[in-house]
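The block underneath contains the structure these notes are about, expressed in structure tokens.
The values are calculated or read from the model by the stated rules, or taken from the named source; none is laboratory data. Worth saying up front: this structure is predicted, and the values here are computed from it rather than measured. Heads up, the Cβs are rebuilt from the backbone with ideal geometry, glycines too, and the neighbour counts pull from every protein chain shown.
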């Protein structure tokens, strides 16, 4: 499971998280205290939170595109605003549109 060797040799990407979990588990009397380290290790292996966040960003983008398309804005203009990589933190000024 956590041999410490990556696919191409060397350390695996999650080995540091495994070491933290293993250290906590060896030093504690109650395994419940190591839940944060276990969660970090599992996130590194499976990326469940990262995938859920990416899906939420994509859903919000789709809603934005549908809303702007309903306002009779051209689809090309909507896509030119930044596709999914833009999360709406930086707005283009009105002159550029």
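Taking each residue of segment 32-48 that is more than 14 Å from residue 20 (Cα to Cα) and looking for partners that are surrounded by 11 or more Cβ atoms within 10 Å (Cβ to Cβ) with beta-carbon atoms closer than 8 Å, six or more apart or interchain, yields 45/14; 48/42. For first residues located in segment 1-18 and more than 13 Å from residue 44 (Cα to Cα) and not assigned by TED's automatic domain parsing to the domain that holds residue 38, partners that are surrounded by 10 or more Cβ atoms within 10 Å (Cβ to Cβ) and at pLDDT 75 or above and lie 6+ apart or on another chain with Cβ distances below 7 Å form the pairs 4/11; 4/12; 4/15; 5/12; 6/12; 6/13. Of all residues in segment 1-24, those satisfying the criterion of being over 25 Å from the mean Cα position of the chain (by Cα) and at pLDDT 95 or above are 23, 24.
Would you pick out the residues in segment 31-54 that are exposed (fewer than 14 other Cβ atoms within 10 Å of the Cβ) and over 17 Å from the mean Cα position of the chain (by Cα)? Give the steps one after another, and end with the answer.
As a first pass, look at segment 31-54 and keep what is exposed (fewer than 14 other Cβ atoms within 10 Å of the Cβ): 31-33, 35-36, 46-54.
Passing the criteria: 31, 32, 33, 35, 36.
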